[in-house]
Amino acid sequence: MSRAWIVMPVYNEGQVVGEVLENLRKTFPHVVCIDDGSSDDSARICREAGAVVVSHPINLGQGAALQTGFEYALQDPDMDCVVTFDSDGQHRVVDAYDMVQRIRSGEADVVLGSRFLDDRTQVSKLKRLVLRTAAFVSKFTSGMDLSDAHNGLRAIDRKTLQQIDLKQNRMAHASEIVNQFAEIKPRWVEHPVEIIYTDYSKGKGQSLLNGVNILTELFVK
């Protein structure tokens with residue numbers, strides 16, 4: 001019996017992660033949350049919502065959290081694919097489900113979400129410029145012609161996942177995983193997804209902060 005695992009990094013998302021998990025586990029009962037050194041009650045909320053929780057004693061960054069989640073999911077011999085999913089409410093469960101189905105149909109080994117394949121996602125001009133620049137640079141560094149190289153919603157089959165080894169802990173992991181896909185050469189497709197920029201995520205300043213981090217990675221690293 002095959003099953004998909006959701007891999008969800010969590011850092012101080014106690015305000016929203018319970019609701020995210022409640023909606024998610026109706027479709028994906030197998031969720032591993034990596035509590036990345038949270039100082040709030042995120043870990044407790046995740047456990048009460050039915051997720052497996054693996055904790056980092058200190059904050060190591062999203063790349064490290066994803067790698068921990070990958071290693072946990074690979075311990076399940078019945079896992080056929082994983083989905084990386086944000087804990088702040090920006091990703092849609094239906095998009096994750098459709099991406100998994102594209103793997104299980106045999107169409108692809110890796111399905112990468114893109115907010116630029118349709119016009120559902122409302123993106124500011126500045127953020128659109130940052131993300132388009134990141135995709136342009138990624139094409140030349142990896143050879144993968146992606147429309148949205150820094151989208152955190154991804155579905156990855158087991159065979160490919162076994163070859164992923166993330167070393168970059170923070171924002172640089174987004175480029176690193178694309179570069180590793182390029183080396184592994186799985187069959188990949190992009191899938192149109194809607195990113196929901198909530199009042200909560202905007203209030204945390206994540207959109208602007210991530211844009212700054214992406215630019216720093218591209219031009220300073």
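The values are calculated or read from the model by the stated rules, or taken from the named source; none is laboratory data. Nothing here was measured: the structure is a model prediction, and the numbers come from that model. Positions of Cβ are backbone-derived with ideal geometry, glycine not excepted, and every protein chain shown enters the neighbour counts. Each accessible area value is taken on the protein alone, full model and side chains, heavy atoms only, with ligands, DNA and RNA left out. Shrake-Rupley method; radii C 1.70, N 1.55, O 1.52, S 1.80 Å.
Results, tabulated for the structure shown:
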read-out: Scan of region 11-30 for residues that are touching a residue at least 40 places away in the same chain (Cβ under 8 Å), in contact with a strand residue (DSSP E or B) (Cβ under 8 Å, 6 or more places away or on another chain) and not in a helix (DSSP H, G or I), ordered by number; value: TYR11, PHE28, HIS30
read-out: Flag for MET8 being at pLDDT below 95 and either among the aliphatic types (A, V, I, L, M) or in a strand (DSSP E or B) (or both); value: no
read-out: Total residues in region 80-130, condition open to solvent by less than 10 Å² (accessible area, probe 1.4 Å), assigned to a strand (DSSP E or B) and touching a His at 6+ places or on another chain (Cβ under 8 Å); value: 3
read-out: Out of ALA155, ALA174, sole residue that is of a type in the set (Gly, Ala, Ser), buried (at least 20 other Cβ atoms within 10 Å of the Cβ), at pLDDT 95 or above and closer than 23 Å to LEU74 by Cβ; value: ALA155
read-out: Selection from region 177-218 of residues that are in contact with a Gly (Cβ under 9 Å, 6 or more places away or on another chain) and either of a type in the set (Phe, Trp, Tyr) or at pLDDT below 85 (or both); value: THR198, TYR200, SER201
read-out: Pick from region 59-69, criterion in a loop (DSSP other than H, G, I, E, B) and open to solvent by 20 Å² or more (accessible area, probe 1.4 Å), ranking: nearest to ASN151 (Cα to Cα); value: LEU60
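Every residue, every condition in (1) open to solvent by 20 Å² or more (accessible area, probe 1.4 Å); (2) at pLDDT 95 or above; (3) assigned to a strand (DSSP E or B); (4) aromatic (Phe, Trp, Tyr), yes or no:
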position: ILE34; (1), (2), (3), (4): no, yes, yes, no
position: SER39; (1), (2), (3), (4): yes, yes, no, no
position: CYS46; (1), (2), (3), (4): no, yes, no, no
position: VAL53; (1), (2), (3), (4): yes, yes, yes, no
position: GLU71; (1), (2), (3), (4): yes, yes, no, no
